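Note sheet for the following structure.
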Amino acid sequence: MAVLEVPPANDFEEVRSVTRLVGRAVGESARAERLLEKMDEILRDLAASRPTHTLRVASWDGSGAVPGENSLFAELVRAAGGTNAAPTGRGGAALFGMEWLLLAHPDVLAYGAADREEPSLRADTDQHPLLLKLYGQRRIAYPEVLFSCGVPESAEAARELRALLTRVMPKPTSP
Amino acid sequence: MTRDLGLDGLLVIVLALVFVASLLAGQVWLPIGTVYRAAFTHSTDLAGLIVTQLRFPRAVLACLVGGALGLSGAVLQSLTRNPLAEPGLLGVSAGAALGSVVAIYFGLTSVFELTGPLMGLAGAIGASALTFALGRNGGMLALVLAGSAVTGLASACISLALNLAPNPYAAYEIMSWLLGSLEDRGWNHVQLILPFVLVGGAMLLVLGRGLDALSLGEQQAASLGIALQRLNSQVILGTALAVGAATSVTGAIGFVGLIAPHLVRPFVRHQPSRLLIPSALLGAIVLLSADVCARLLPIGPGLKIGVLTSLIGTPFFFWLVVKLRKAAP
């Protein structure tokens, strides 16, 4: 049995190469290209309708690693029209506490929502009075599973993220 | 007495200096003027909020927890006449940890934010009650053995929770919580433990006379009119309230209760009653200093204070053992 080692895809360029790699390996290159075309179409749409105001988005779960600048999360945030507010130079993941979070000045806090919500302190860490005060109205929950492994469908996740960000985007003030 | 006031005064000054340092130090150093404005003018800019809502409660919590650990360590070392005694000896810390772990494991923390600390407190009181029930009427040795047994039971249950954790996040959180931390705690945590630490601390602070008498031996203490059973129960309840409440919000922080009384003892001529207040103050200084170090060490923001106190405390423990061996006949 042949074993194919597939590297993780943390941006859309890597998604393209990985999808083609897998497509070739299973004899489905044409299907891989169709998936990539659909992905690129969504990405083009997102780029064409890029919001004027670039939101700084921080993924925050209060404990453990958070996606850094080279993560798929950062790539999806970029595609959605925002920027990742995680510390620079931290690669794929970073650890940060609430003080760092505030000093990073994110516009939006994004919480990774697992498929199955089971007992976990993560559900409780966002209840700090200061976070509620500053970010009570500027928090979104994104489907964590779609932000973990880069696949052509990740473009769809970026589109959903754009919709979530639009909801919390500051409304233009009338002149 | 004057010497004690001098020592206490010196420790208060050091504590005040470390407290100010803990308000200045962090992810970024804040100018002292910013901290002053935040503290006295209720400024609501970001720096002000960081000082008043994050660093200030964290520093107060470190003082309360360190003070509780130092004081109870001094009382327990005097009560058991064992220089290696510390709050974990009676199963209090393990009981509090188990209570909080149960709250995390069953997801009770998502029902009500402070369920974890409250369960921790309940665990501490339950563990102390069990220690007392098992060890009463059997003298000090029975009490210490009972404490070890309760600690073993609580540790086994915590291991079971880790073993059967419903998801990797819960296992990670339990493990991470057990390492001990003051990070991201707020005024709500201070409010939660303050009454328990104050009441527990007060119960321990009034035991000086009994502990002085006990240093002569149990029979001599009894002949001096000290009710040993009552003394034991007061120590257990006071420790359960103060340390249990502390552990329930910070996780297990070791060695502070062991180190503080030892460092102070030579300055109070080994008299238990004179040991209590300085030990509480030094416990607060040690923990607050460790917290400042944890923030400043270039290891990254993930360093847990419980790990740091263990790293600092373990060599002290070795030194203590070597010293005891040399002193042995």
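The values are calculated or read from the model by the stated rules, or taken from the named source; none is laboratory data. Computed from a predicted structure; not experimentally measured. Reconstructed Cβ throughout: ideal geometry from the backbone, glycine too, with neighbour counts over all protein chains shown. For accessibility, only protein heavy atoms count, side chains too; no ligands or nucleic acids. Shrake-Rupley method; radii C 1.70, N 1.55, O 1.52, S 1.80 Å.
A few remarks follow.
- Ordering of B:142-154, B:81-93, A:20-32 by packing [mean C-beta count within 10 Å, highest first]: B:81-93, B:142-154, A:20-32
- Centroid-to-centroid separation of the stretch B:141-195 and the stretch B:11-27 [C-alpha atoms, Å]: 28
- Computed over chain B: relative contact order in percent, which uses C-alpha pairs under 8 Å that are six or more apart: 29
- Extent along principal axes [Cα atoms of the stretch B:181-231; Å; largest to smallest]: 50, 19, 15
- Tensor-based shape of chain B (alpha-carbon gyration tensor, a/c under 1.5 rounded, otherwise prolate or oblate): oblate
- Where both bridge residues fall in the protein assembly as shown, DSSP classifies roughly 20% of the beta bridges as antiparallel.
- Normalised by the number of residues in the stretch B:246-320, the average gap of Cα pairs under 8 Å and 6 or more apart makes the relative contact order 40 percent.
- Using all pairs of distinct alpha-carbon atoms, the Kirkwood hydrodynamic radius of the stretch B:142-290 works out to 17.5 angstrom.
- When B:ARG274, A:ARG162 are compared by accessible area of protein heavy atoms, the largest-first order is B:ARG274, A:ARG162, using a 1.4 Å probe.
- Report note on the peptides B:275-284, B:156-165, B:62-71: ranked by the mean count of other C-beta atoms within 10 Å, highest first, their order is B:62-71, B:275-284, B:156-165.
- Evaluating 6.51 cos²θ - 1.76 cosθ + 1.60 at θ = phi - 60° for every residue in the stretch B:132-149, the Karplus couplings come out as 5, 4, 6, x, 5, 6, x, x, 5, 4, 5, 5, 5, 5, 4, x, 5, 5 Hz, glycine and proline recorded as x.
- Three-way shape call for the stretch B:132-212 based on the alpha-carbon gyration tensor, with the a/c threshold at 1.5: oblate
- In order along the stretch A:11-21, phi translates into HN-Hα couplings of 8, 5, 5, 5, 4, 4, 5, 5, 5, 5, 4 Hz, rounded to whole numbers, per the Karplus curve 6.51 cos²θ - 1.76 cosθ + 1.60 with θ = phi - 60° and x for Gly and Pro.
- Computed log₁₀ I(q)/I(0) - Debye formula, equal Cα scatterers, no solvent, the stretch A:1-71, q 0.26, 0.27 Å⁻¹: -1.15, -1.18
- Computed [θ] at 222 nm, helices only, for chain B once each DSSP H run of length n ≥ 4 contributes -39500 (n - 2.57): -25000 deg cm²/dmol
- Cα gyration tensor shape of the protein assembly as shown, rounded if a/c is under 1.5, else prolate or oblate by comparing a/b with b/c: prolate
- Dimensions (Å) - the stretch B:90-137, Cα atoms, principal axes, largest first: 42, 13, 13
- Peptides A:71-81, B:318-328, B:50-60 ranked from most to least packed give A:71-81, B:50-60, B:318-328, packing being the mean of other C-beta atoms within 10 angstrom over each peptide's residues.
- Farthest toward positive dipole pole in the stretch B:68-192 [+1 Lys/Arg, -1 Asp/Glu at C-beta], among B:ASN163, B:GLY147, B:PHE106: B:GLY147
- The stretch B:264-313: mean projected area of Cα convex hull, nm²: 3.8
- Net charge contributed by nearby residues that have their C-beta within less than 15 Å of B:ALA74 (K/R +1, D/E -1): +1
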